[in-house]
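Visitor: One structure follows; several queries about it will come next.
The values are calculated or read from the model by the stated rules, or taken from the named source; none is laboratory data. Being a predicted model, the structure only gives us computed values, none of them experimental. Virtual Cβ from ideal backbone geometry, glycine too; neighbours counted across all protein chains shown. The protein model used for the area step is the full one, side chains on, heavy atoms only, and it has no ligands, DNA or RNA in it. Shrake-Rupley method; radii C 1.70, N 1.55, O 1.52, S 1.80 Å.
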Amino acid sequence: WFAENLRSENYENGDAIPSGLSDGDWSSTFSGATAVYDESASNLETYGRLYNWYAVADARGLCPSGWHVPTDGEWTVMTDFLGGESVAGGQMKTTYGWNDGGNGTNSSGFSGLPGGSRYSNGDFLNAGYFGYWWSSSPGGTGAWGRSLYYDYENVTRYYDFQRNGF
């Protein structure tokens, strides 16, 4: 598991991942894309990049050599190891950065930050309050992922639109 959010601008083979998409382009793409929350350099430094699921599934490889985006099953193995979805989130959240006192213990070393998301319509939402991560497991028109919330100690398993950026 990474101990920080991915910041890669390129696929493993060196090809650039499209970035800087307008709301309209983001909402209509069926190709891999990345964004920085509100396209702010400070958000890149703090939270890393957001990727749509098409970037996750791209055969050129989103992660550096030797790494991969976890499957839905691998996420489950981790949350089970941490005591189950109802308590794993507090162990996965950083000890800083979460709004309204929502910090965790980070006893797992996962270092989950509330990087928010870019919704399928192009809007940026929830930085400081929610952290979202894709799995590499598709399903129909969506894919599986996990989320952490500022006001809960749990990890939520969700199924979401592939155009969303997490």
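Visitor: Would you tally the net charge around Trp98, using a Cβ to Cβ cut-off of less than 13 Å, leaving Trp98 out, and scoring K and R as +1, D and E as -1? Could you put the intermediate results ahead of the total?
Guide: Details: positive: Lys93; negative: Asp100, Asp151, Glu153.
Around Trp98, the surrounding residues sum to -2.
Visitor: Show me 3-11, 127-135 ranked by packing, highest mean number of other Cβ atoms within 10 Å first.
Guide: Numbers: 3-11: 14.1, 127-135: 22.3.
Peptide ranking by packing, descending: 127-135, 3-11.
Visitor: Just checking my list (1) 15.7; (2) 17.5; (3) 16.9 against Kirkwood radius over Cα pairs in Å computed from this structure; which label fits?
Guide: Only one listed value fits the structure, namely (1).
Visitor: Run the numbers for Val77 and Asn103: contour at 0.36 nm per residue of separation, minus the present Cα-Cα distance, in nm. Please report the intermediate quantities before stating the final value.
Guide: Working: separation 26, 0.36 × 26 = 9.36 nm, distance 2.30 nm.
Length difference between fully extended and current span is 7.1 nm.
Visitor: Shifting gears a bit: Using 1/(1 + (r/R0)^6) with R0 = 22 angstrom and r between the beta carbons of Thr141 and Phe2, what's the FRET efficiency to the nearest 0.05?
Guide: On the way: r = 27 Å, r/R0 = 1.24.
Plugging the Cβ-Cβ distance into 1/(1 + (r/R0)^6) gives 0.20.
Visitor: If I compute solvent accessible area with a 1.4 Å probe over the protein chains, what percent of it on the stretch 59-166 is carbon and sulfur?
Guide: Accessible surface attributable to carbon and sulfur in the stretch 59-166 totals 55 percent.
Visitor: Quick one: accessible area per residue over the chain, 1.4 Å probe, rounded to a whole number of Å²? It would help to have the intermediate numbers written out before the result.
Guide: Numbers: 7720 Å² over 166 residues.
Per residue, the chain has 46 Å² of solvent-accessible surface.
Visitor: On to the next question. Sort the stretch 1-67 into rounded, prolate or oblate with this rule: let a ≥ b ≥ c be the square roots of the eigenvalues of the Cα gyration tensor; rounded if a/c is under 1.5, and if a/c is not under 1.5, prolate when a/b is larger than b/c, oblate otherwise. If you can, show how the numbers build up before the last one.
Guide: On the way: a/c = 2.04, a/b = 1.10, b/c = 1.85.
Oblate.
Visitor: Nothing charged except the Cβ atoms of Lys and Arg (+1) and of Asp and Glu (-1): what's the magnitude of the dipole of the chain about its Cα centre? Round to the nearest 20 debye. If you can, show how the numbers build up before the last one.
Guide: Details: 8 positive and 19 negative charges, 33 e Å.
Dipole about the Cα centre, nearest 20: 160 debye.
Visitor: I've got another one for you. For the chain, find the longest principal axis of its Cα atoms and tell me its angle to the long axis of helix 72-81, 0 to 90°, nearest 10.
Guide: Its long axis makes an angle of about 20 degrees.
Visitor: Also, I was wondering about something else. Take each of the peptides 136-145, 114-123, average the number of other beta-carbon atoms within 10 Å over its residues, and list them starting from the highest. Don't skip to the answer; put the middle values down first.
Guide: Working: 136-145: 16.7, 114-123: 19.6.
Order by mean packing, descending: 114-123, 136-145.
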